[in-house]
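> Take this structure first; my questions come after.
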Amino acid sequence: MSSAILEVENLNTWFYTRRGIVKAVNGMNYSLYAGECLCLVGESGCGKSVSALSLLRLFDSPPGKIVQGRVLYNGTDLVACSPDRLRAVRGKDIAMVFQNAQSALNPVFTVGDQMMEQIKAHDGLDRNDVLTKAKMLLEEMRIPGAARALKMYPHQMSGGMKQRAMIAMSLSCDPKILIADEPTTSVDVTIRAQIMHILKDLKARRNMSIIFITHDLSLVSEIGDRAAVVYAGKVVETATVTNIMNNPSHPYTSGLISCLPDISSGMKRLPSIPGNTPNPLNMPAGCPFHPRCSKAMEICRRVEPGLVHIADDHTVACHLYGPGAGGSR
Ligand SMILES: Nc1ncnc2c1ncn2[C@@H]1O[C@H](COP(=O)(O)OP(=O)(O)OP(=O)(O)O)[C@@H](O)[C@H]1O
Ligand SMILES: [Mg+2]
């Protein structure tokens, strides 16, 4: 495995609301390696989007604040660096396709104008070169008739076209890292397959690292090299996708996998993990998963487990493993 280009260490992003403190990201740890696709996977509300937005400080602030932690990118801590330095990293080094990205397109400008604005903001190219680059990016996204598509307003494009235009826009400054937050949720299965294919192709051709955010483990198997399973604002298991799928170690990961549909068994109802995700305003003491965990022990109610290595490139935060596992509880 090559060296990490991005390291997220004990990241905490909290929202100070009138109802209390929402600990959306609450001790997040993971590394991203050069040229890999890391999938952040977990149920709705577990902090996937806020953790990704935190890398570039793009969450709502106030009420949000990074209260602790580091995001190391090529030796620079993006949490502590100046706004100017961060602005230089945004788009050019690390770009993001936002969840519901299509709605971020401005309805009163053509897609071409919006793409060219983005390219101009970072590159010192003249108008003709900017136009050529915008057209090439749409072609790379396999949008048919790229020159015509540049002249379209967002409402003239299908959902799939808009989503691909948004991915093209995020690539306009040739980023080293692309964060794709649920890029296929609002498109049909055919477009979904196209977008997955495009992302895999980009990773291979541009040797780009991708952080792919999803709640869908089948997409993880399709695109991911490694996965980080997120629960209640933190990573509870990381491993290669093969290990996550074949040898899940955290009871939450096992629960997610057991919820995958198995067409061959002719099941009528999809299984689900019993219970609900914890209220972020009122996290349970100890392991945040213990109220839903069939393997919970006494210690799980009191002590929060840290991530421990259980094999090469496989870490788990669970009292079933690590120091004292199997001891008196
Ligand atoms: N601006 C905000 N103010 C207060 N709470 C917020 C804000 N943005 C997000 N949150 C809360 O932070 C928590 C994590 O949200 P986040 O959007 O990261 O979840 P997610 O894992 O991306 O979920 P989904 O799969 O539904 O996209 C949630 O409880 C959410 O309500
Ligand atoms: Mg999200």
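The values are calculated or read from the model by the stated rules, or taken from the named source; none is laboratory data. What you see is a predicted model; the values in this text were computed from it and never measured. Backbone-built Cβ (ideal geometry, glycine too); neighbour counts: all protein chains shown. Side chains are part of the model used for accessible areas, which takes the heavy atoms of the whole protein and leaves out ligands, DNA and RNA. Shrake-Rupley method; radii C 1.70, N 1.55, O 1.52, S 1.80 Å.
> Criterion first (in contact with a strand residue (DSSP E or B) (Cβ under 8 Å, 6 or more places away or on another chain), within 11 Å of ligand 1 (Cβ to nearest atom) and of a type in the set (A, V, I, L, M)) does residue 5 satisfy it? Talk me through it step by step, then tell me what you get.
Values: in contact with a strand residue (DSSP E or B) (Cβ under 8 Å, 6 or more places away or on another chain): yes; within 11 Å of ligand 1 (Cβ to nearest atom): no; of a type in the set (A, V, I, L, M): yes.
Judged against the criteria, residue 5 is not a match.
> List the strands (runs of 3 or more DSSP E) that sit entirely inside segment 179-273 and contain at least 1 residues that are among the polar types (S, T, N, Q) and buried (at least 16 other Cβ atoms within 10 Å of the Cβ). Walk me through it before giving the result.
Values: elements: 209-214, 226-231, 234-240.
The qualifying strands (runs of 3 or more DSSP E) are 209-214, 234-240.
> Looking for something touching a strand residue (DSSP E or B) at 6+ places or on another chain (Cβ under 8 Å) and near ligand 1 (Cβ under 8 Å from one of its atoms) - is there at least one such residue anywhere in segment 30-39? Before the answer, list the steps.
Narrowing segment 30-39 to residues touching a strand residue (DSSP E or B) at 6+ places or on another chain (Cβ under 8 Å): 30-39.
If we keep only those that are near ligand 1 (Cβ under 8 Å from one of its atoms) too, we end up with none.
Within segment 30-39 (the criterion being touching a strand residue (DSSP E or B) at 6+ places or on another chain (Cβ under 8 Å) and near ligand 1 (Cβ under 8 Å from one of its atoms)), the answer is no, since none of the residues qualifies.
> Any chance segment 160-170 includes a residue that's farther than 25 Å from residue 89 by Cα and within 16 Å of ligand 1 (Cβ to nearest atom)?
There is no residue in segment 160-170 that is farther than 25 Å from residue 89 by Cα and within 16 Å of ligand 1 (Cβ to nearest atom).
> Just wondering, is there one or more residues in segment 55-62 that are assigned by TED's automatic domain parsing to the domain that holds residue 231, in contact (Cβ under 8 Å) with a residue 24 or more places away in the chain, more than 17 Å from the chain's Cα centre (by Cα) and within 14 Å of ligand 1 (Cβ to nearest atom)?
Of all residues in segment 55-62, those assigned by TED's automatic domain parsing to the domain that holds residue 231 come to 55-62.
Then drop every residue that is not in contact (Cβ under 8 Å) with a residue 24 or more places away in the chain, which leaves 55-60, 62.
Checking which are more than 17 Å from the chain's Cα centre (by Cα) leaves us with 60, 62.
Right, trim to within 14 Å of ligand 1 (Cβ to nearest atom) and you get 60, 62.
Checked against the condition, which is being assigned by TED's automatic domain parsing to the domain that holds residue 231, in contact (Cβ under 8 Å) with a residue 24 or more places away in the chain, more than 17 Å from the chain's Cα centre (by Cα) and within 14 Å of ligand 1 (Cβ to nearest atom), segment 55-62 yields at least one hit.
> For segment 99-155, which positions are in contact (Cβ under 8 Å) with a residue 60 or more places away in the chain and in contact with a helix residue (DSSP H, G or I) (Cβ under 6 Å, 6 or more places away or on another chain)?
99, 101, 102, 105
> When you go through 69, 75 one by one, which is the residue that is over 26 Å from residue 223 (Cβ atoms) and touching a residue at least 60 places away in the same chain (Cβ under 8 Å)?
Numbers: 75 fails: touching a residue at least 60 places away in the same chain (Cβ under 8 Å).
The conditions single out 69.
> I'd like to know if segment 2-14 contains one or more residues that are closer than 30 Å to residue 245 by Cβ, over 17 Å from the mean Cα position of the chain (by Cα) and surrounded by fewer than 18 Cβ atoms within 10 Å (Cβ to Cβ).
If we filter segment 2-14 for residues that are closer than 30 Å to residue 245 by Cβ, which is where we start, we get 2-13.
Now restrict to residues that are over 17 Å from the mean Cα position of the chain (by Cα): 2-3.
Those still in the list that are surrounded by fewer than 18 Cβ atoms within 10 Å (Cβ to Cβ) too: 2-3.
Taking every residue of segment 2-14 in turn, at least one turns out to be closer than 30 Å to residue 245 by Cβ, over 17 Å from the mean Cα position of the chain (by Cα) and surrounded by fewer than 18 Cβ atoms within 10 Å (Cβ to Cβ).
> Now for a separate question. I'd like to check something: does segment 65-82 contain any residue that is over 25 Å from residue 14 (Cβ atoms), crowded, with 17+ Cβ neighbours inside 10 Å and more than 16 Å from ligand 2 (Cβ to nearest atom)?
For segment 65-82, residues over 25 Å from residue 14 (Cβ atoms), crowded, with 17+ Cβ neighbours inside 10 Å and more than 16 Å from ligand 2 (Cβ to nearest atom): absent.
> Could you say which residue among 95, 88, 101 is open to solvent by less than 70 Å² (accessible area, probe 1.4 Å), small (Gly, Ala, Ser) and in contact with a Cys (Cβ under 8 Å, 6 or more places away or on another chain)? Before you say what the answer is, go through the steps one by one.
Values: 88 fails: in contact with a Cys (Cβ under 8 Å, 6 or more places away or on another chain); 101 fails: in contact with a Cys (Cβ under 8 Å, 6 or more places away or on another chain).
Criteria check complete, one pass: 95.
> Still on this structure, I have one more. Would you check if there is a residue in segment 45-60 being open to solvent by 10 Å² or more (accessible area, probe 1.4 Å) and away from ligand 2 (no atom under 15 Å from the Cβ)?
Yes: segment 45-60 contains one or more residues that are open to solvent by 10 Å² or more (accessible area, probe 1.4 Å) and away from ligand 2 (no atom under 15 Å from the Cβ).
> Pick out the one residue from 188, 174, 225 that is away from ligand 2 (no atom under 16 Å from the Cβ) and on the phi > 0 side of the Ramachandran plot. It would help to see each step written out before you state the result.
On the way: 188 fails: on the phi > 0 side of the Ramachandran plot; 225 fails: on the phi > 0 side of the Ramachandran plot.
Being away from ligand 2 (no atom under 16 Å from the Cβ) and on the phi > 0 side of the Ramachandran plot holds for just one of 188, 174, 225, which is 174.
Residue-wise test of (1) assigned by TED's automatic domain parsing to the domain that holds residue 238; (2) in a loop (DSSP other than H, G, I, E, B); (3) open to solvent by 40 Å² or more (accessible area, probe 1.4 Å); (4) within 16 Å of ligand 1 (Cβ to nearest atom).
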{"site": "278", "(1), (2), (3), (4)": "no, yes, no, yes"}
{"site": "287", "(1), (2), (3), (4)": "no, yes, no, no"}
{"site": "291", "(1), (2), (3), (4)": "no, no, yes, no"}
{"site": "300", "(1), (2), (3), (4)": "no, no, no, no"}
{"site": "306", "(1), (2), (3), (4)": "no, yes, yes, no"}
{"site": "315", "(1), (2), (3), (4)": "no, no, no, no"}
{"site": "320", "(1), (2), (3), (4)": "no, yes, yes, no"}
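> Quick check on segment 187-202. Is at least one of its residues more than 14 Å from residue 142 (Cβ to Cβ) and touching a strand residue (DSSP E or B) at 6+ places or on another chain (Cβ under 6 Å)?
No: segment 187-202 contains no residue that is more than 14 Å from residue 142 (Cβ to Cβ) and touching a strand residue (DSSP E or B) at 6+ places or on another chain (Cβ under 6 Å).
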